[in-house]
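Scroll down for the structure; my scribbles are underneath it.
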Amino acid sequence: MGIFGRISDIFKSNVNDMLDKAEDPEKMIKLMIIEMQESITKATAGLAQAMAQEKKLEREYNKYNKLSGDWKNKATQALQAGNEDLARKALQKKAEADQQAQQFQTMFSSAEATTAKLKSQVEQLKAKFNEAKMKEATLIARNQAAKAQKDIAKQVGGFDSNSFAKFDKFEEKILKAEAEAEAYTEMSEDNLTSLDDDFKALEKSSMVDDELAKLKDELNK
């Protein structure tokens, strides 16, 4: 399993563990973003190492390939000088350089393919990270809206039929108290009116008596 496979397994394991224990979605989303960022950092570091190894192998291949060419030129010079034995020795060195060049070419080609694959995986990780970052704000806003809706629903749910039944009961008591107060007020007003009438009648009777007395005095004269 490569470095990216291990990183993916670790990331998935951590995310699943966090989701199982999750209480606050907002915190978990932010933690997942941090996890993804760390994964990208590790993957980028792995890619950098692979690229460095690829460059090293390429340099070694180029070195031995050039060395092969140099020994060929020397073998040609030796033959032109009529020194076949020296030319043979130069060609032996060329063969050794060719063998080394072949080995490093094979390793370089393999490293080049690995690096290309790692680059693609890093790009995919970055693309997923960017997508997650874009969704982060939206998901947090949706979570906050859901919590607000839940809180409001709880408040509304607290006013059940029993609560309104109590309101109706209190309203009945208040209506009864208002009716009693109104009745007592009417009774008090009736009593005051009756007493006023009695005094008026008494006053009227006294006036009649006075007038009667005056009339008797006039007749006696």
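The values are calculated or read from the model by the stated rules, or taken from the named source; none is laboratory data. The shown structure was predicted, so the numbers you read here are calculated from the model rather than taken from an experiment. Reconstructed Cβ throughout: ideal geometry from the backbone, glycine too, with neighbour counts over all protein chains shown.
Could you tell me whether Lys56 is in a helix (DSSP H, G or I), more than 32 Å from the chain's Cα centre (by Cα) and either farther than 23 Å from Met107 by Cα or not hydroxyl-bearing (Ser, Thr, Tyr) (or both)? Can you show your working first?
On the way: in a helix (DSSP H, G or I): yes; more than 32 Å from the chain's Cα centre (by Cα): yes; either farther than 23 Å from Met107 by Cα or not hydroxyl-bearing (Ser, Thr, Tyr) (or both): yes.
Criteria met by Lys56.
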So which of Lys117, Lys128 ends up being touching a residue at least 60 places away in the same chain (Cβ under 8 Å) and closer than 21 Å to Thr44 by Cα?
Lys128
On the given criteria, is Gln80 at pLDDT 95 or above, surrounded by fewer than 17 Cβ atoms within 10 Å (Cβ to Cβ) and over 40 Å from the mean Cα position of the chain (by Cα)?
no
